[in-house]
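Participant: Let me give you the structure first, and then I'll get to my questions.
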Amino acid sequence: MDNSLPIDTERRQLIAATAIAAAVPAVASVGTFVSTFQPSERARAAGAAVELDIGDLAPGQMKTVEWRGKPVWVLRRTPEMLASLAQTEPQVADPLSQRNMDEMTPPYARNKHRSIHPEYLVVIGICTHLGCSPTSKFDTGPQPSLPDDWAGGFFCPCHGSTFDLAGRVFANKPAPDNLQVPRHMFLGPTRVVIGRDEEGEA
């Protein structure tokens, strides 16, 4: 004799449908939770090295690229700009980049040009005083807020710090250090990588 209870087909279908409906939001919420921990493309790029094409950079011109949320300047200096460094050397506070040199200047930029190739200056465009961004003042001669013998360089309007065309801070200014030279390397005559050199990532 069959003592089993009769199967209520409609009830079974209702229970199954309810279980599935309850599971869907749970799966969806787990997916959302996981996705919030996936780094975005921008987040991944923020710490990665940045490659820059400088093939169209004419002498006397500067390009700016963002690296780790900071502006990095690549200036292609003219022969006159390079010659001005001898004029400013006695006026700057740290002509040989010896202050905080491990943090501020890689070994290959500890020279009078503060660069791998004298023609190209690569520096982070943030004043070492309070983090303002200086402006480029490449024109020479008397100008507002600048000395009459100005040979070209950078001026921080926040507190008046001035830097020469090698990013060296002038003496007796609020900024304590030269502009920082990031780790970088050249892949060829027209490409530079910011944030990486022969020793690896910065």
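The values are calculated or read from the model by the stated rules, or taken from the named source; none is laboratory data. Quick caveat, the model's predicted, so the values are computed rather than measured. Positions of Cβ are generated from backbone atoms using ideal geometry, with glycine treated the same way; all protein chains shown enter the neighbour counts.
Participant: Confirm whether PRO118 is modelled with pLDDT of 95 or more, closer than 22 Å to ASN178 by Cβ and touching a helix residue (DSSP H, G or I) at 6+ places or on another chain (Cβ under 8 Å). Lay out the reasoning, then the answer.
Facilitator: Working: modelled with pLDDT of 95 or more: yes; closer than 22 Å to ASN178 by Cβ: yes; touching a helix residue (DSSP H, G or I) at 6+ places or on another chain (Cβ under 8 Å): yes.
It is true that PRO118 is modelled with pLDDT of 95 or more, closer than 22 Å to ASN178 by Cβ and touching a helix residue (DSSP H, G or I) at 6+ places or on another chain (Cβ under 8 Å).
Participant: Right, something else. Any chance region 86-97 includes a residue that's in contact (Cβ under 8 Å) with a residue 40 or more places away in the chain, farther than 26 Å from PRO147 by Cα and not in a loop (DSSP other than H, G, I, E, B)?
Facilitator: There is no residue in region 86-97 that is in contact (Cβ under 8 Å) with a residue 40 or more places away in the chain, farther than 26 Å from PRO147 by Cα and not in a loop (DSSP other than H, G, I, E, B).
Participant: Here's something else I'd like to know. Mind checking whether some residue in region 34-49 is within 21 Å of ILE126 (Cβ to Cβ) and modelled with pLDDT of 85 or more?
Facilitator: yes
Participant: Next question. When only residues in region 106-136 that are among the hydroxyl-bearing types (Ser, Thr, Tyr) and part of a loop (DSSP other than H, G, I, E, B) count, which is surrounded by the most Cβ atoms within 10 Å (Cβ to Cβ)? Outline the logic, then answer.
Facilitator: At the first step, the residues of region 106-136 found to be among the hydroxyl-bearing types (Ser, Thr, Tyr) are 108, 115, 120, 128, 133, 135-136.
Now narrow it down to the ones that are part of a loop (DSSP other than H, G, I, E, B): 115, 128, 133.
On the way: SER115: 21, THR128: 24, SER133: 16.
Within region 106-136, the match that is surrounded by the most Cβ atoms within 10 Å (Cβ to Cβ) is THR128.
Participant: Quickly run through region 50-73 and pick out the residues that are under 11 Å from the mean Cα position of the chain (by Cα) and under 13 Å from GLY125 (Cβ atoms).
Facilitator: Residues satisfying the conditions are THR64, VAL65, GLU66, TRP67, ARG68, GLY69, LYS70, PRO71, VAL72, TRP73.
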